[in-house]
Amino acid sequence: MKKCLGLLGSLLAVFVAGVAFAQYPILELMAGKVVQKYQSSTCEQLWEARGKPKSQREQEVVNLLRNDPQARQFFLGKIAAPVANKMFECGMIP
């Protein structure tokens, strides 16, 4: 019985992940780019980029995320851990 419930839970998780990817394919790609940027940048590069103004495209994404809570949750769920870890390593957060 427990094995059956575990299998059912696993299948449900895979289904939900598939639906989320299908729902936000552009955000999935953008999240990947953000994570890649943080993982490949040095701390000095991140500190320099912190003060620069956002591009038009970045501003559009931020506006989308502000206006769509589900999209924001999806996007932040993808980038939160790797970005926060890099920021911590670089002394950008306590």
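Throughout, read-outs are computed from the coordinates displayed, never taken from laboratory work. On a predicted model such as this, the values are computed, not experimentally measured, just so you know. All Cβ positions, even for glycine, are placed from backbone atoms using ideal geometry, and neighbour counts span all protein chains on display.
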Listing Cys90, Cys43 by rising number of other beta-carbon atoms within 10 angstrom, fewest first, gives Cys43, Cys90
Between Lys52 and Arg66, the two model label points (7 Å from Cα along the beta-carbon direction) sit apart by a distance in nm of 2.2
Stretched fully, the stretch from Asn85 through Gln59 gains (0.36 nm per residue minus C-alpha distance, one decimal, in nm) 7.0 nm
Mean projected area, convex hull of alpha-carbon positions in region 25-94, reported to one decimal in nm², is 4.8
